[in-house]
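*Asks:* Have a look at this one before I ask anything.
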Amino acid sequence: MIQGISIYHFLIVSTLMFFIGIAGFIIRQNLITILLSVELILNSVVINFLVFNRYLYPDQLQGHFFALFIIGVAAAEASVAIALIINIYRRIHNIESDNVNEMKY
Amino acid sequence: MINYSYTILIPLIPLVIFVFTGLLGMKWKPLVSGIIGTVGVGISFFLSLFTAYEYFFATATGSAYHTIIPVNMLWLSFTHTLQIHMGVLLDPISVMMIVVVTTISFMAHLYSIGYMKGERGFQRYYSFLSLFTFSMLGVVLATNIFQIYIFWELVGASSFLLIGFYYDKPSAVAAAKKAFIVTRFADLGFLIGILILSYYTGTFDFSKLLQPGTHLFAGLAGVSFLGLSGITWAMALIFMGAAGKSAMFPLHIWLPDAMEGPTPVSALIHAATMVVAGVFLVARLFPIYHFQAPDVLIFIGYVGGFTSLIAAIIAMTQFDIKRVLAYSTLSQIGYMMVALGVSGYGGEAGLGYMASMFHLFTHAMFKALLFLGAGSIIHTIHSNFMKDMGGLRKYMPITHFTFLAACLAISGIPPFAGFFSKDEILAAAFESNKLLFYVEYITAGLTSFYIFRLYFNIFWGKDPEYKHKPHEAPLNMTIPLIFLGLGSTFGGFVPFHKLVTSDMKPFTTVTHWGIMLPSVGIGLLGLAVAWVLYKKENDLPDKISKKLGILYTSTYHKFYIDEIYLFVTKKIIFNYIARPIAWFDHNIVDGFMIGVGTVTVKISYKIKKFQSGELQQYAFVFVAGVIMLALFILYSLGYH
């Protein structure tokens, strides 16, 4: 329990981060930025895990472990995504998501 | 009691040979498969002779023979009541038939070694012959009507395979197809008949069905359909199957075409054994026919009589020697059917039954001999037509003498085999049906005429221009000829009335002088007419045929029966039945299926745009969906 800061503050921050991430994912054209948006979404989830763990079950640690896992997964995902983006860049010399729409029909 | 369980080997040996020759034959030298097949059937032949000896002579003669079922195993068990057995049934007719089948088959096997020498597919030929022998033995030894049906179809299939043996010849392929379709069509009736019969009686078993005075048919007699009782329908439909296999009018059209097969096959299948399967079937079910469906039996007699007359008339005008023999076969089978049709049951009244079986036996001998003789002529002349033959008696003495014996036998000249059996048939017909008697009497004269026309044309008359000098057939072809020649000469002395009778009790026959003398007379008359017309080359036959005009041409064209069939099938059935059904199938049934497919394709073309490849579009839709779902859940939980 952190003095003077209620659970709502944390939740508002994490919700804002989540929707900023969503908006960025949908709106932005640059693949790197889209990747950043995904990281934002993941981090908002991590905050939620930690906050709920801390405020609701202070004597337990599951939330913390989940947070650690998500950070690890996010790192792996980032490396894969960046590898893909680099390859796309090599092929078409640009990383706008509008130009990456061949995977259809 | 003698143990007959070895009789199971009689059909099993050809089966084993069929399997081995069929699978491994191509790896062997052709001759090896021929010898294996011949030796195997030879063993069956001797076993059959041994069986016949034990059955007829080793037991006390004078008393009745008994039906013996040495082997009967459960083959298919569907329910408690519906069970199909396979087994071996020995009674006078089946013992007589195994002797006939194995004898002719053995002779045909032996003969084929020479006749088929150097043919492509020699091994295939022998494996089919073994298959045929196996299936035919299965028919005659069957313990129940369903076993007969199964082997009946097998016989049809092996006949199809052998007619179409020269499968690169279009006429042979067409003939095989025709034979199969016509007999198969008839077998449809047979199957329906079996089903009706066994549905009401609750059994397939001959040992139950053939008891005289059995109450099994009480259920059937009460049923009636279109004014005829159920049992009449059942037996008439079963006779339809018999008529198909035995090539009775109007289902006879396949038999003359079946002569496209190799000649020993014609001798074995289409003269001596398979085509008499129909006669055998009627004889096997004779107690049912006699006691339950006497109308059908009379009908059988008339069908037989009509076929025998019409076939004999057609035979007089044909020039292909095998076709003459084919029509002659039809005619003789007609005789057997007539004999069954006029027969009563038991003792002297069962004369027709005995005569029919007797004629079956002697006919098998002399007709197989005629075919094998024709085969050895064709083998050396390389033609089927009479105009390419003449004066052959100088070149082929053995064939000539054996052929002559067969001709005398079929004409009913004493003391050759056909005389005795034909005389019994005429006597039986005379007793009960005068009309059929006169038909058969005239047919006897025609028979004698056409067979001696054939004989004089082949062996007498002027030599045509032979490309190379005709020669006598090799020894393995003449031995069967001589053997069958002896059979045709002395086969008539077998005391059939003591062996094969309708109620399995021997009876004594009286000599019918009043019938015997005129029948010999008309046989000799036919011979004499043929002598005058064909012994020396002259223009009398041509003049007569010109005088007869349309009568002659319509006979020459086999009364246009084939053409009528073609008209009915091609013009009527194809146009008015098959074509509308095909249209329905093509447009309605297929159309529905194609419609379903087309609609699916059209719709998927329309909706495939949803898959745009735009990542962010997908994400937007996904997020929007999740939000809407969340709102919906919140709303439904009561958070307004």
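*Asks:* With the condition kept exactly as written, say whether any residue in the range B:420-435 is farther than 18 Å from B:LEU351 by Cα, surrounded by fewer than 22 Cβ atoms within 10 Å (Cβ to Cβ) and at pLDDT below 85. Explain how you work it out, then say what you get.
*Replies:* We begin by selecting, within the range B:420-435, every residue farther than 18 Å from B:LEU351 by Cα; these are none.
Looking for residues that are farther than 18 Å from B:LEU351 by Cα, surrounded by fewer than 22 Cβ atoms within 10 Å (Cβ to Cβ) and at pLDDT below 85, one finds none in the range B:420-435, hence no.
*Asks:* Right, another one. Mind counting the residues in the range A:43-82 that are assigned to a helix (DSSP H, G or I) and among the acidic types (Asp, Glu)?
*Replies:* Final tally of qualifying residues: 1.
*Asks:* Right, next: Name the one entry in B:ALA236, B:ALA312, B:ALA267 that is under 20 Å from B:THR183 (Cα atoms) and crowded, with 24+ Cβ neighbours inside 10 Å. Before the answer, list the steps.
*Replies:* On the way: B:ALA236 fails: crowded, with 24+ Cβ neighbours inside 10 Å; B:ALA312 fails: under 20 Å from B:THR183 (Cα atoms).
Residue meeting the stated conditions: B:ALA267.
*Asks:* Which of the residues belonging to the range B:627-640 are surrounded by 10 or more Cβ atoms within 10 Å (Cβ to Cβ) and more than 10 Å from every other protein chain (Cβ to nearest Cβ)?
*Replies:* So the first thing to find is which residues in the range B:627-640 are surrounded by 10 or more Cβ atoms within 10 Å (Cβ to Cβ), and the list is B:627-635.
Correct list: B:MET628, B:LEU629, B:ALA630, B:LEU631, B:PHE632, B:ILE633, B:LEU634, B:TYR635.
*Asks:* Somewhere in the range B:342-349, is a residue on the phi > 0 side of the Ramachandran plot and either in contact (Cβ under 8 Å) with a residue 40 or more places away in the chain or of a type in the set (Gly, Ala, Ser) (or both)? Even if it seems obvious, please write down each step before you answer.
*Replies:* Taking the range B:342-349 and keeping what is on the phi > 0 side of the Ramachandran plot, we get B:346-347.
Filter once more, keeping what is either in contact (Cβ under 8 Å) with a residue 40 or more places away in the chain or of a type in the set (Gly, Ala, Ser) (or both): B:346-347.
Yes, the range B:342-349 contains a residue that is on the phi > 0 side of the Ramachandran plot and either in contact (Cβ under 8 Å) with a residue 40 or more places away in the chain or of a type in the set (Gly, Ala, Ser) (or both).
*Asks:* Related question: Any residue in the range A:62-79 that is modelled with pLDDT of 90 or more, within 14 Å of chain B (Cβ to nearest Cβ) and closer than 28 Å to B:GLY625 by Cα?
*Replies:* no
*Asks:* Name the residue that is nearest to A:VAL38 (Cα to Cα), counting only residues in the range B:584-604 that are among the hydroxyl-bearing types (Ser, Thr, Tyr) and either more than 60 Å from the chain's Cα centre (by Cα) or away from chain A (no Cβ under 14 Å) (or both).
*Replies:* Within the range B:584-604, the subset among the hydroxyl-bearing types (Ser, Thr, Tyr) is B:598, B:600, B:604.
Filter again for either more than 60 Å from the chain's Cα centre (by Cα) or away from chain A (no Cβ under 14 Å) (or both), leaving B:598, B:600.
Numbers: B:THR598: 42, B:THR600: 38 Å.
Looking at residues that are among the hydroxyl-bearing types (Ser, Thr, Tyr) and either more than 60 Å from the chain's Cα centre (by Cα) or away from chain A (no Cβ under 14 Å) (or both), I get B:THR600.
*Asks:* If B:ILE522 satisfies every condition in (1) hydrophobic (A, V, I, L, M, F, W, C); (2) within 26 Å of B:CYS407 (Cβ to Cβ); (3) exposed (fewer than 11 other Cβ atoms within 10 Å of the Cβ); (4) at pLDDT 80 or above but one, which is the exception?
*Replies:* Just one mismatch for B:ILE522, condition (3).
*Asks:* Let me ask something else about it. Would you tally the residues in the range A:79-88 being surrounded by 13 or more Cβ atoms within 10 Å (Cβ to Cβ) and over 20 Å from the mean Cα position of the chain (by Cα)?
*Replies:* Result for the range A:79-88: 1.
*Asks:* Still on this structure: State whether the residues of the range B:283-296 include one that is under 20 Å from the mean Cα position of the chain (by Cα), within 22 Å of B:PHE217 (Cβ to Cβ) and in a loop (DSSP other than H, G, I, E, B).
*Replies:* Yes, because at least one residue in the range B:283-296 is under 20 Å from the mean Cα position of the chain (by Cα), within 22 Å of B:PHE217 (Cβ to Cβ) and in a loop (DSSP other than H, G, I, E, B).
*Asks:* Picking from B:GLU465, B:GLU440, which residue would you name as being part of a helix (DSSP H, G or I), of a type outside the set (Phe, Trp, Tyr) and over 21 Å from B:LEU369 (Cα atoms)?
*Replies:* Only one candidate qualifies: B:GLU440.
*Asks:* Another one. Residues that are among the aliphatic types (A, V, I, L, M) and in contact with a Leu (Cβ under 9 Å, 6 or more places away or on another chain): does the range B:538-555 have at least one?
*Replies:* Yes.
*Asks:* Within the set of pairs 6 or more residues apart or between chains, which connect a residue that is within 18 Å of B:GLN147 (Cα to Cα) inside the range B:200-221 to a residue that is at pLDDT 70 or above and surrounded by fewer than 13 Cβ atoms within 10 Å (Cβ to Cβ) with Cβ atoms less than 8 Å apart?
*Replies:* B:GLY202/B:THR81
*Asks:* Starting from the range A:59-70, take each residue that is within 9 Å of A:PHE49 (Cβ to Cβ) and list its partners that are loosely packed, with under 12 Cβ neighbours inside 10 Å, counting only C-beta distances under 9 angstrom and pairs at least six apart or across chains.
*Replies:* As it stands, the answer is A:GLY63/A:LEU56; A:GLY63/A:TYR57, since those pairs meet every condition given.
*Asks:* If you check A:ILE95, A:ILE7, which single one turns out to be surrounded by 11 or more Cβ atoms within 10 Å (Cβ to Cβ), more than 14 Å from every other protein chain (Cβ to nearest Cβ) and touching a residue at least 24 places away in the same chain (Cβ under 8 Å)?
*Replies:* Just one listed residue meets the conditions, A:ILE7.
*Asks:* I would also like to ask the following. For the range B:383-434, which residues satisfy the criterion of being under 18 Å from B:LEU309 (Cα atoms) and out of contact with any helix residue (DSSP H, G or I) (no Cβ under 8 Å at 6 or more places or on another chain)?
*Replies:* Scanning the range B:383-434 gives a single hit, B:LYS434.
*Asks:* Do the conditions hold for A:VAL13, that is, is it farther than 21 Å from B:TYR618 by Cα, among the β-branched types (Val, Ile, Thr) and more than 14 Å from chain B (Cβ to nearest Cβ)?
*Replies:* Against the criterion (farther than 21 Å from B:TYR618 by Cα, among the β-branched types (Val, Ile, Thr) and more than 14 Å from chain B (Cβ to nearest Cβ)), A:VAL13 qualifies.
*Asks:* On the given criteria, is B:VAL623 within 14 Å of another protein chain (Cβ to nearest Cβ) and not aromatic (Phe, Trp, Tyr)?
*Replies:* yes
*Asks:* Residue under question is B:ILE458, and the condition is that it be over 19 Å from B:HIS400 (Cβ atoms), touching a residue at least 60 places away in the same chain (Cβ under 8 Å) and of a type in the set (Val, Ile, Thr); does it hold?
*Replies:* Against the criterion (over 19 Å from B:HIS400 (Cβ atoms), touching a residue at least 60 places away in the same chain (Cβ under 8 Å) and of a type in the set (Val, Ile, Thr)), B:ILE458 does not qualify.
*Asks:* With the condition kept exactly as written, say whether any residue in the range B:609-619 is within 14 Å of chain A (Cβ to nearest Cβ), in a helix (DSSP H, G or I) and exposed (fewer than 10 other Cβ atoms within 10 Å of the Cβ). Steps first, please.
*Replies:* As a first pass, look at the range B:609-619 and keep what is within 14 Å of chain A (Cβ to nearest Cβ): B:609-619.
Narrowing the set further to residues that are in a helix (DSSP H, G or I) leaves B:609-610, B:615-619.
Those still in the list that are exposed (fewer than 10 other Cβ atoms within 10 Å of the Cβ) too: B:609.
Yes, some residue in the range B:609-619 is within 14 Å of chain A (Cβ to nearest Cβ), in a helix (DSSP H, G or I) and exposed (fewer than 10 other Cβ atoms within 10 Å of the Cβ).
*Asks:* Kindly indicate which of A:LEU42, A:LEU31 is under 30 Å from B:PHE610 (Cα atoms), surrounded by 13 or more Cβ atoms within 10 Å (Cβ to Cβ) and away from chain B (no Cβ under 14 Å).
*Replies:* A:LEU42
*Asks:* Right, something else. Looking at the range B:141-219, what helices (runs of 4 or more DSSP H) fall wholly within it and have at least 3 residues that are more than 25 Å from B:LEU131 (Cβ to Cβ)?
*Replies:* Here the list reads B:170-201, B:206-209.
One line per residue, one yes/no per condition, for (1) buried (at least 24 other Cβ atoms within 10 Å of the Cβ); (2) touching a residue at least 24 places away in the same chain (Cβ under 8 Å):
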{"position": "B:LEU351", "(1), (2)": "yes, yes"}
{"position": "B:ALA355", "(1), (2)": "yes, yes"}
{"position": "B:LEU372", "(1), (2)": "yes, yes"}
{"position": "B:GLY375", "(1), (2)": "yes, yes"}
{"position": "B:ILE378", "(1), (2)": "no, yes"}
{"position": "B:LYS394", "(1), (2)": "no, no"}
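*Asks:* Separate question: Pairs under 7 Å by beta carbon, first residue modelled with pLDDT under 90 in the range B:616-640, partner among the hydroxyl-bearing types (Ser, Thr, Tyr) and surrounded by 10 or more Cβ atoms within 10 Å (Cβ to Cβ), six or more apart or different chains?
*Replies:* Listed pairs, sorted by first residue: B:GLN616/A:SER97.
*Asks:* Six or more apart or on different chains, Cβ atoms under 7 Å: show the pairs whose first residue is in the range B:547-560 and touching a residue at least 60 places away in the same chain (Cβ under 8 Å) and within 22 Å of B:ILE321 (Cβ to Cβ) and whose second is small (Gly, Ala, Ser) and assigned to a helix (DSSP H, G or I).
*Replies:* B:TYR552/B:SER545
*Asks:* Is it the case that some residue within the range B:530-550 is outside any helix (DSSP H, G or I), touching a Lys or Arg at 6+ places or on another chain (Cβ under 9 Å), modelled with pLDDT under 85 and more than 14 Å from every other protein chain (Cβ to nearest Cβ)?
*Replies:* yes
The values are calculated or read from the model by the stated rules, or taken from the named source; none is laboratory data. From a predicted model like this one, the values you see are computed outputs, not experimental measurements. Don't worry about glycine lacking a Cβ; one is built from the backbone with ideal geometry, like all the others, and counts go over all protein chains shown.
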